[in-house]
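Participant: Take a look at the following structure, please.
The values are calculated or read from the model by the stated rules, or taken from the named source; none is laboratory data. Keep in mind the model is a prediction, meaning the values are calculated, not measured. Note that we place each Cβ from the backbone using ideal geometry, even for glycine, and neighbour counts take in every protein chain shown.
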Amino acid sequence: MCACCSRCGFCKPPDFVEQGRKALDANHNEEAAGLFRKAVEADPKDYAAHFHLALSETLLQHDPEAIAEYRKTLELHPIFTRRS
């Protein structure tokens with residue numbers, strides 16, 4: 001990986017969701033939440049990043065933040081909602 005990978009256009013950007021999943025698997029929930037926040041900042045329409053951020057916030061007992069992220073997940077990917 002080159003030193004300029006965020007600017008050169010040739011390098012693959014970091015996969016914050018994958019890194020966050022690994023942190024969750026290792027029970028590093030605070031680290032995972034930070035990585036998922038970066039994923040959301042990088043792609044605000046990534047429902048998986050929002051979902052995993054919500055999960056991390058739940059595990060950290062940050063309920064208001066978790067609820068907001070679960071709602072955003074449903075807004076972006078409404079297939080998870082019930083249909084009448």
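Rundown of residues vs (1) assigned to a helix (DSSP H, G or I); (2) at pLDDT 95 or above; (3) of a type outside the set (Gly, Ala, Ser), yes/no style:
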| position | (1), (2), (3) |
| --- | --- |
| 4 | no, no, yes |
| 10 | no, no, yes |
| 20 | yes, yes, no |
| 24 | yes, yes, yes |
| 27 | no, yes, yes |
| 39 | yes, yes, no |
| 49 | yes, yes, no |
| 53 | yes, yes, yes |
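Participant: Residue 37: farther than 19 Å from residue 21 by Cβ and either acidic (Asp, Glu) or surrounded by fewer than 19 Cβ atoms within 10 Å (Cβ to Cβ) (or both), yes or no?
Facilitator: no
Participant: Here's a follow-up. Report every pair of residues separated by at least 6 positions or lying on different chains whose Cβ atoms are under 7 Å apart, first residue within the range 18-47 and under 15 Å from residue 59 (Cα atoms), second polar (S, T, N, Q) and assigned to a helix (DSSP H, G or I).
Facilitator: 24/56; 29/56; 32/56; 33/56; 35/19; 36/56
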